[in-house]
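Only one structure is covered here, and it is reproduced in the block below.
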Amino acid sequence: MGYIEPHAHMVSRTTDDYKAMAMAGCEIICEPAFWAGFDRSSPQGFYDYFRQLTEYEPARSAKFGIDHYCWLCINPKEAEDPGFAREVMAMIPDFLTAPTVLGIGEIGLNKNTKNELAIFEEHVALAQKYDLPILIHTPHLEDKLKGTKLIIDSLKNAGVDRGRVIIDHVEEHTAGLVLDEGFWAGMTLYPESKCTPARAIDMLETFGMENVWMNSACDWGISDPLAVPKCLQEMKRRQHNKATIEKVSYANPMAFLGQSKNFRPVES
Ligand SMILES: [Zn+2]
C-alpha cells in the first residue's frame, strides 16, 4: 500500500533514504523550507536553498519514482532578525511560479519572540495575497503550548481559511486545541523527542482520524525517514483496519494537499 510523506527535509538525506522510502511504498514527499542545521550567513543563501527545493530535489526524488513538492518561507529560527527575514521573503514571489511549490511553510515560532511573531504574521499575509495554503511549525517542549496558542490567536486575527492551514508537531496537550479550532493537525514521529508511533496512535484513537496526518520530519538530526511506514505497521498490529490506515497515510494528506493548485498527483 502506498503512502505520502508530507513533511521531510530531503536536502539533508542520502539517496539510500530515498531508496528505502520508495521500497516502503512512498509515492509523494513534501518538503517544507526549514533551518539547515546552521544559520545562513546571508539572505542569498536562501536563494540557493529555494533553487535546491524547487529544482534539484524534485529531480533527485524522481530517480526513485517519488513525486517531490515543497513549501517556501524563512524558518522561525532565522526569522529572529526581521531585516534579514524580509530580504529572504522578498525572494519568495519569484519562486511561486515553480510548478511544485505548494504554499508557505514551515512558518511558526521557535522561542515565541516578538520578532518571530511579526515575521510569522507577514508570512500569513503573503500566503493570503497569493491564495496559498500554510504549513506551521510549533515550538518544542515547554514552549509548545504557549506557542500554539499564540499562533492560533494570530491566525484567527488574520481571518485565514482554517481548513487550508496545517499546524504541525502537535502533541497530546495541543492536538485538541488545533482540531477544535478547525485547523488541520500534523503529528511528527521522532525516535527521540516529539512523539513515538505508540503515542501518535493513542492520539489518533483519542482525537479521531479527521484532518490529521503523520510525518517523519526527517532532517539533518537524529530522525527516521521510515517513521511513517513503521507507524502504519504499528497501527496494523493494534488492529486498525486497512481503510483507517489508508485514510491517515494517504487520503488525508491528499485531501489537504489537494487544496494547493500546484499539487497534481498522478493517479495510481
Ligand atoms: Zn520540518
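What do you reckon, is CYS26 within 16 Å of the ligand (Cβ to nearest atom), at pLDDT 95 or above and not charged (D, E, K, R)?
Considered against the rule, which asks whether it is within 16 Å of the ligand (Cβ to nearest atom), at pLDDT 95 or above and not charged (D, E, K, R), CYS26 comes out as no.
Counting only residues that are of a type in the set (Asp, Glu) and outside any helix (DSSP H, G or I), which one in segment 218-254 is nearest to HIS7 (Cα to Cα)?
That would be ASP219.
Exactly one of these conditions fails for LYS129: (1) under 23 Å from GLY176 (Cα atoms); (2) among the basic types (Lys, Arg); (3) exposed (fewer than 15 other Cβ atoms within 10 Å of the Cβ). Give me its number.
Single failed check for LYS129: (1).
Which count do you get for residues in segment 231-245 that are touching a residue at least 40 places away in the same chain (Cβ under 8 Å) and surrounded by 16 or more Cβ atoms within 10 Å (Cβ to Cβ)?
Residues in segment 231-245 being touching a residue at least 40 places away in the same chain (Cβ under 8 Å) and surrounded by 16 or more Cβ atoms within 10 Å (Cβ to Cβ): 3 in total.
Restricting attention to segment 218-230, and to residues there that are within 16 Å of the ligand (Cβ to nearest atom) and touching a residue at least 60 places away in the same chain (Cβ under 8 Å), which single residue is surrounded by the most Cβ atoms within 10 Å (Cβ to Cβ)?
VAL228
Report the residue count in segment 74-105 for those that are within 16 Å of the ligand (Cβ to nearest atom), out of contact with any helix residue (DSSP H, G or I) (no Cβ under 8 Å at 6 or more places or on another chain) and at pLDDT 95 or above.
2
Anything in segment 41-56 that is within 16 Å of the ligand (Cβ to nearest atom) and either touching a strand residue (DSSP E or B) at 6+ places or on another chain (Cβ under 8 Å) or not aromatic (Phe, Trp, Tyr) (or both)? List them, or say none.
PHE50, GLN52, LEU53
For segment 9-23: of the residues being aliphatic (A, V, I, L, M) and within 15 Å of the ligand (Cβ to nearest atom), which is nearest to TYR250 (Cα to Cα)?
Filtering first and then ranking leaves MET10.
Considering only segment 182-199, how many residues are buried (at least 16 other Cβ atoms within 10 Å of the Cβ) and either more than 17 Å from ALA8 (Cα to Cα) or of a type outside the set (Val, Ile, Thr) (or both)?
Final tally of qualifying residues: 10.
The values are calculated or read from the model by the stated rules, or taken from the named source; none is laboratory data. Worth saying up front: this structure is predicted, and the values here are computed from it rather than measured. Glycine also receives a Cβ, built like all others from the backbone with ideal geometry; neighbour counts cover every protein chain displayed.
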